[in-house]
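A short write-up of the structure that comes next.
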Amino acid sequence: DAKTTQPPSMDCAEGRAANLPCNHSTISGNEYVYWYRQIHSQGPQYIIHGLKNNETNEMASLIITEDRKSSTLILPHATLRDTAVYYCIVERASGTYKYIFGTGTRLKVLA
Amino acid sequence: DAEITQSPRHKITETGRQVTLACHQTWNHNNMFWYRQDLGHGLRLIHYSYGVQDTNKGEVSDGYSVSRSNTEDLPLTLESAASSQTSVYFCASSENLGGTQYFGPGTRLLVL
């Protein structure tokens, strides 16, 4: 099963773009990349997901490399409320279901 | 608004006792999941269900059981609580098998 690797922590200045990288070099062709975040000890919150193409929604953008071995979550204008742990997850949507959370990246947005 | 709730939010119990954590969702989702979260491990999947009467083991299912008698509820039972099961437990649901999961607020369980 595909694993993900993320830096343990990052800082970002308020108002600047936060770029959170994720390595998933063993990803298979039918596996999606999902991003969630967890603020304090709340339940994780969905942000965005993608398979091959780049995706954008009201919260963030997801850039997936052409070989699909890595991706970047972009928060275009980080605010203090974006301080959280961000999880990159590879999800297999067929066969044995497994949603593997790593330890994530702790993003701190600085005023 | 549709939501997913967990109860209790906090629980203290003793080793050897049976404990049941409740999860209730009003999304009418077929898929429901239980995770535990410990420091240094992120979230780990315990059990999941694709629908009524369906249950499946996840990554860390030993010592836990679930049953699905209706669409809305997936209770998690610790048959004989152990100190190693002290953790924060999250329930989630999703509409599609491969799709966005909506998480509950969590239950903090302390086993003494």
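The numbers here are math on the coordinates, done by the rules we state, and not lab data. Since we're looking at a predicted model, the values are computed, not measured. Neighbour counts run over all protein chains shown; Cβ positions are idealised from the backbone, glycine included.
Taking 7 Å along the Cα-to-C-beta vector as the label spot, tell me the B:N56-A:H40 distance in nanometres, rounded to one decimal.
Using points 7 Å along Cα→Cβ, the separation is 3.4 nm.
I need the GluC sites (Glu not before Pro) found in the stretch B:71-112, filtered to DSSP loop residues with at most 15 other beta carbons within 10 Å of theirs. Mind showing how you got there, number by number?
On the way: sites: B:E72, B:E79, B:E95; in loops: B:E72, B:E79, B:E95.
Answer by residue number: B:E79, B:E95.
Which order, highest average first, do B:7-17, A:24-34, B:51-61 follow once you tally other Cβ atoms within 10 Å for each residue and take the mean per peptide? Before the final figure, lay out the partial values.
Working: B:7-17: 12.5, A:24-34: 17.3, B:51-61: 14.5.
Per-residue mean Cβ counts within 10 Å order the peptides as A:24-34, B:51-61, B:7-17.
Taking the Cβ of B:L112 as the center, what net charge do the other residues with Cβ under 15 Å away carry, scoring Lys and Arg +1 and Asp and Glu -1? Numbers along the way, then the final one.
Working: positive: B:K11, B:R17, B:R108; negative: B:E14.
The answer is +2.
Quick one: 3J(HN,Hα) in Hz for the stretch B:43-52, Karplus 6.51/-1.76/1.60 with θ = phi - 60°, rounded, Gly and Pro as x.
Ordered by residue, 3J(HN,Hα) equals 9, 10, 6, 9, 8, 8, 9, 8, x, 4 Hz.
Report the label-to-label distance for B:A82 and A:R16 in nanometres (one decimal), using points 7 Å from each Cα along the Cα→Cβ vector.
4.7 nm
B:T15 to B:N28: extension gain in nm, 0.36 nm per residue of separation minus the Cα-Cα distance? Provide the component values of the computation, followed by the final result.
On the way: separation 13, 0.36 × 13 = 4.68 nm, distance 3.48 nm.
Between B:T15 and B:N28, full extension yields an extra 1.2 nm.
Between B:H41 and A:L80, what FRET efficiency follows from the Cβ-Cβ distance if R0 is 25 Å, with the result rounded to 0.05?
Details: r = 27 Å, r/R0 = 1.09.
Calculated transfer efficiency: 0.35.
For the ranges B:37-44, A:68-75, A:104-111, what's the packing order if you count other beta-carbon atoms within 10 Å of each residue, average per peptide, and put the highest first? Mind showing how you got there, number by number?
On the way: B:37-44: 15.5, A:68-75: 19.1, A:104-111: 17.0.
Ranking the peptides B:37-44, A:68-75, A:104-111 by packing returns A:68-75, A:104-111, B:37-44.
In whole Hz and in residue order, list the ³J(HN,Hα) couplings for the stretch B:86-92 that follow from phi through the Karplus curve 6.51 cos²θ - 1.76 cosθ + 1.60, θ = phi - 60°; x for Gly and Pro.
4, 5, 9, 10, 10, 9, 9
Ranked highest first by average number of other Cβ atoms within 10 Å, how do A:13-23, B:24-34, A:82-92 line up? Intermediate results must be reported in sequence, preceding the final value.
Numbers: A:13-23: 16.4, B:24-34: 19.8, A:82-92: 21.6.
For the peptides A:13-23, B:24-34, A:82-92, the packing ranking is A:82-92, B:24-34, A:13-23.
Give me a single rounded figure for B:59-65: the average over its residues of other chain Cβ atoms within 10 Å of their Cβ. All intermediate terms of the calculation are to be shown ahead of the outcome.
Numbers: counts 5, 0, 0, 0, 0, 0, 0.
Neighbouring Cβ atoms belonging to other protein chains average 1 per residue here.
Within a 10 angstrom radius of each residue's Cβ in A:38-44, how many Cβ atoms of other chains show up on average? Whole number is fine. Each step should come with its number before you reach the end.
Values: counts 6, 0, 0, 6, 5, 15, 10.
Averaged over the peptide's residues, the number is 6.
Can you compute the modelled spin-label distance between B:S67 and A:M59, with each label point 7 Å from Cα toward Cβ, in nm?
3.5 nm
Which residues in the stretch B:27-53 place their backbone N less than 15 Å from a point set 7 Å from the Cα of B:E3 along the Cα-to-Cβ direction?
Flagged as within label range: B:27-28.
Could you tell me the relative contact order of the stretch B:55-111? Use alpha-carbon pairs under 8 Å, at least six residues apart, and round to a whole percent. Intermediate results must be reported in sequence, preceding the final value.
Working: 66 pairs, mean separation 15.5, N = 57.
Normalised by residue count, the contact order of the stretch B:55-111 is 27 percent.
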